[in-house]
Amino acid sequence: MQDEPIQVWAEQARHLFDLINPDNPERAEAQHEEFLEELAQKEEDEIVSTVELMWLVKDVIDGESGFFVSWRGKQEFIEAMSNILPDPNIHIDWGTDDVEDEEFLQRVTVPELLRRAYVSLLDEGYMLWCWNTETDSYVGWISHAVAESDLTEVCYGLGIDVRTAEQAV
């Protein structure tokens with residue numbers, strides 16, 4: 001990629017960081033700075049598409065304002081959600097009181113948990129999103145529900161397929 005498209009992409013990534021860090025501009029700024037530092041470490045031929053740049057975003061947000069779990073990572077997803085909730089008072093209705101119960105974890109799938117979290121967050125004015133990585137893993141984040149069109153527009157500009165967790169497969 002040439003310098004100009006990378007600069008434009010970095011500006012759009014900054015907007016994405018702002019959207020997925022509702023009410024936390026300091027974290028958005030820190031993540032953008034870390035992203036730029038990581039980007040500067042890459043050789044020009046290592047960044048040939050926006051998908052490679054998006055994996056950098058994933059590395060920067062993972063565990064703070066985003067999650068990355070495998071298709072079998074049910075417990076990991078539940079834990080990740082508790083870490084990235086924008087408000088610690090938000091309760092996600094997982095459909096059980098004991099999210100560590102083995103029977104419960106055997107019955108549910110990650111897409112089911114994504115949908116449950118989506119509904120609970122929507123009730124609180126937030127939306128849960130998933131980036132279609134075209135792998136057997138799930139990457140996602142939370143934004144204010146009112147920012148839906150902004151987030152889809154930014155992701156479209158970044159060339160990534162993002163959808164609400166309700167639509168995740």
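The values are calculated or read from the model by the stated rules, or taken from the named source; none is laboratory data. Remember, it's a predicted structure, so these values are computed and weren't measured experimentally. All Cβ positions, glycine included, derive from the backbone under ideal geometry; neighbour counts span all protein chains shown. Accessible surface areas use protein heavy atoms only, side chains included; no ligands, DNA or RNA. Shrake-Rupley method; radii C 1.70, N 1.55, O 1.52, S 1.80 Å.
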field: Check on Ser82, more than 28 Å from Trp9 (Cβ to Cβ), outside any loop (DSSP other than H, G, I, E, B) and open to solvent by 20 Å² or more (accessible area, probe 1.4 Å)
entry: yes
- prompt: Gln12 is checked against (1) more than 26 Å from Ala165 (Cβ to Cβ); (2) open to solvent by 10 Å² or more (accessible area, probe 1.4 Å); (3) modelled with pLDDT under 95; (4) assigned to a helix (DSSP H, G or I) and fails just one. What number does that condition carry?
  reply: (1)
query: So, of the residues in the stretch 142-154 that are of a type in the set (Val, Ile, Thr) and without any contact (Cβ under 8 Å) to a residue 60 or more places away in the chain, which turns out to be surrounded by the most Cβ atoms within 10 Å (Cβ to Cβ)?
result: Thr152
task: Just need a number here: residues in the stretch 69-118 that are over 16 Å from the mean Cα position of the chain (by Cα), of a type in the set (Val, Ile, Thr) and under 21 Å from Pro22 (Cβ atoms).
output: 2
statement: Flagged in the stretch 155-164 as crowded, with 16+ Cβ neighbours inside 10 Å and either at pLDDT 95 or above or not in a helix (DSSP H, G or I) (or both), in numbering order, are Ile160, Val162, Thr164
Test: residue in the stretch 131-140 that is free of Cβ contacts under 8 Å to residues at least 40 places away in the same chain, over 26 Å from Glu52 (Cβ atoms) and surrounded by fewer than 16 Cβ atoms within 10 Å (Cβ to Cβ): no
message: Going residue by residue through the stretch 59-73, is there one that turns out to be in a helix (DSSP H, G or I) and of a type outside the set (A, V, I, L, M, F, W, C)?
response: yes
